[in-house]
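First the structure, in the form of structure tokens, and then the observations on it.
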Amino acid sequence: MTKIPYKIFLSENEVPRNWYNLKAVMKEKPSPMLHPGTLKPCKKEDLAPIFCEAVIEQELNEKDKYIEIPEGIMDFYRMIRPSPLIRAYNLEKALKTPAKIYYKFEGTNTSGSHKLNSAAAQVYYAKEQGITTLTTETGAGQWGTALSMACAYYDIDLIVYMVKVSMNQKPYRKTVMETYGSKVIASPSNTTEIGRKILEENPETGGSLGCAISEALEIAMSTDNCRYVLGSVLDHVILHQTIIGEETKTACEKYGIEPDIMIGCVGGGSNFAGLIAPFMGDKIEGKNNIHFIGVEPASCPTLTRGRYAYDFGDTGKITPLLKMYTLGSGFMPSPDHAGGLRYHGMNPILAKLYHDGYFEARSVEQTKVFEAAKEFMRHEGILPAPESSHAVRVAMDEAKKCCETGEEKTIIFGLSGTGYFDLSAYSSYNAGTMTDYIPTDEDLEKGFATLP
Ligand SMILES: *Cc1c(COP(=O)(O)O)cnc(C)c1O
């Protein structure tokens, strides 16, 4: 048998040309998105003032299993893809495990994460439609950075509402976005009605993701030729991220790799769903029996302790209602260092699959996550994002189990990004000042009380 290379890169003619639409394969479909006013399923017209037409089509598409990636997006993907599938030979040796560990590394582009896969697609479609300005929010900053890169490439103006506390914590994120040409505004701001109202009530507030979403939406709806873009949670974002899984599957088929376990971290669900989509589709069709594990922070336990219910996507309660696992849009996560995983809800496709028992969810505490991150970087040489390190933790745990049982399981996990902007978190871990916060049932009840 051919020895598996340390890094598997697909060549240009092997690179997949389609996204994988999991909804087309699901036997039972996820419940539809509801209009917050009428409580009827959202139609194209309802979403058209907010989103670009092509992504609305994708959001509502339950028919086509494969959706061809337009050449204009492939041009961008060629700059940043394919990403490598890496065999963690060094980590395996260090753990003395009989397991075979692979990771699909999405952190090789300048933005440092998988988010660019959807940013490029969404900006391309906006350009095709003649949109001239896009707005968005960013919390931890990865999404804003990815979108800034894509907007620079396709030449579209971008306004980013960045949560004020994050802006103060990660000033260089702002610099990167501005260098790509974006306008970055600390939220809440006095540039919107909702921002002015929040500031009047609470001048000292550090802002929140929910508030930044409300500001970005307000500008999108009141500006000509302007639309809003979102970096996770929605089905079209998941669709764009399936390029990760499509490449992984092609590589697996080429080298005869058959995963027993696939693992990813889950915030809104996009990198995990993107990685597993074609494998999950096969599982639904009875072609494999892979054990999928989504990993979330114990501080924001959406799947493991949340409710399966309709809820708003934002704190301001202006978005359509999504049927998902949720902690309540009013849930206030603790200041955990994995900013990208601090979201109260979950993508509706993943939520439905989880509800129907197609995958396992596990929650882990942040000090355990950083412990795994440090061990991983010593052996594999990559400084992982705190978000991605949740997947590293569980991959290592599963590999250690194989030490006990002697099973040669094949594990593939998603390494969604790098952690160069998260060094204050690493400092805190190194200094021994990092703590673990796990919400009590009473804390969660407060969030559930905000469910509509
Ligand atoms: C945003 C982010 C996540 C979480 O978002 P998902 O939509 O759940 O993938 C995970 N990892 C990194 C590196 C991120 O930037």
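Laboratory data are not the source of any read-out in this text; all were calculated from the coordinates shown. Predicted model only: the values in this text are computed from it and were never measured. Reconstructed Cβ throughout: ideal geometry from the backbone, glycine too, with neighbour counts over all protein chains shown.
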(Q) Taking a virtual spin label 7 Å from the Cα of Glu53 along the C-beta vector, which residues in the range 108-138 bring their backbone nitrogen under 12 Å of it? (A) 126, 128-131
Q) What full-extension length gain, to one decimal in nm, is calculated for Ala449 and Ser427 as 0.36 nm per residue of separation minus the Cα-Cα distance? A) 4.3 nm
Q: Name the long-range amide H neighbours of Tyr102: under 5 Å, sequence gap of 5 or more, or other chain; modelled H, no Pro or chain starts.
A: Ala88, Ile411, Ile412, Phe413
Q: Output ³J(HN,Hα) for the range 88-96: one whole-Hz value per residue in order, computed from phi by the Karplus curve 6.51 cos²θ - 1.76 cosθ + 1.60 with θ = phi - 60°, and x for Gly and Pro.
A: 7, 3, 5, 5, 4, 4, 4, 7, 6
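Sorted by mean Cβ packing within 10 Å, highest first, what order do the peptides 399-406, 331-338 take?
Details: 399-406: 13.9, 331-338: 20.8.
In decreasing order of mean packing, 399-406, 331-338 become 331-338, 399-406.
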Q | Whichever lysines have a C-alpha closer than 18 Å to that of Lys174, once near sequence neighbours (fewer than 8 apart) are set aside | A | Lys115, Lys164, Lys183
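Translational D (Stokes-Einstein, µm²/s) of the range 75-160 at 25 °C and 0.890 mPa s when Rh comes from the Kirkwood sum over C-alpha pairs? Spell out each step's value before the answer.
Details: Rh = 14.6 Å.
In µm²/s, the coefficient is 168.
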Q: Can you tell me the FRET efficiency between Lys254 and Glu442 if r is taken as the Cβ-Cβ distance and R0 is 51 Å, rounded to the nearest 0.05?
A: 0.50
Q | Nearest-20 debye value, the range 99-226 charge dipole, Cβ charges on Lys, Arg, Asp, Glu | A | 620
Q.
If each residue of separation counts as 0.36 nm, what is the full-extension length gain between Lys44 and Glu375 once their alpha-carbon separation is subtracted?
A. 114.4 nm
Q) So what is the relative contact order of the chain, in percent, for Cα pairs below 8 Å that sit 6 or more residues apart? A) 20
Q: Quick one: which residues, 5 or more positions from Met33 or on another chain, have an amide H under 5 Å from its amide H? H modelled 1.01 Å from N in the peptide plane, none for Pro or chain starts.
A: Cys42
Q: Would you mind calculating the gained length between Arg78 and Lys65 on full extension (0.36 nm times residue separation, minus the Cα-Cα distance), in nm to one decimal?
A: 2.4 nm
Q: Calculate the dipole size of the range 233-352 relative to its Cα centre from +1 charges on Lys and Arg beta carbons and -1 charges on Asp and Glu beta carbons; express the result in debye to the nearest 20.
A: 360
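Counting every Cα pair in the range 205-354, what percent are over 29 Å apart?
Working: 2576 of 11175 pairs.
Summing the P(r) tail past 29 Å for the range 205-354 gives 23 percent.
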Q.
What are the ³J(HN,Hα) couplings of the range 38-47, residue after residue, when phi is run through the Karplus curve with 6.51, -1.76, 1.60 and θ = phi - 60°? Round to Hz, x for glycine and proline.
A. 8, 6, 9, x, 5, 9, 3, 4, 5, 8
Q | Other-chain or far-sequence residues with amide H under 5 Å of Ile69's (modelled H) | A | Asn18, Trp19
(Q) On the Cα set of the range 250-320, report Rg and Dmax in Å, please. (A) 15.5, 49
Q: Return the Rg/Rh value of the range 33-117, two decimal places, where both radii are evaluated on C-alpha atoms and Rh is the Kirkwood radius.
A: 1.17
Q. For the range 23-124, what is the charge dipole size about the Cα centre, in debye to the nearest 20, if Lys and Arg each add +1 at the Cβ and Asp and Glu each add -1 at the Cβ?
A. 700
Q: Largest first and to the nearest Å, give the Cα extent of the chain along each principal axis.
A: 63, 49, 42
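If you look for lysine pairs in the range 241-326 that are eight or more places apart or on different chains, how many of them have Cα atoms under 22 Å apart?
Details: Lys249/Lys283; Lys249/Lys287; Lys254/Lys283; Lys254/Lys287.
So the count of such lysine pairs works out to 4.
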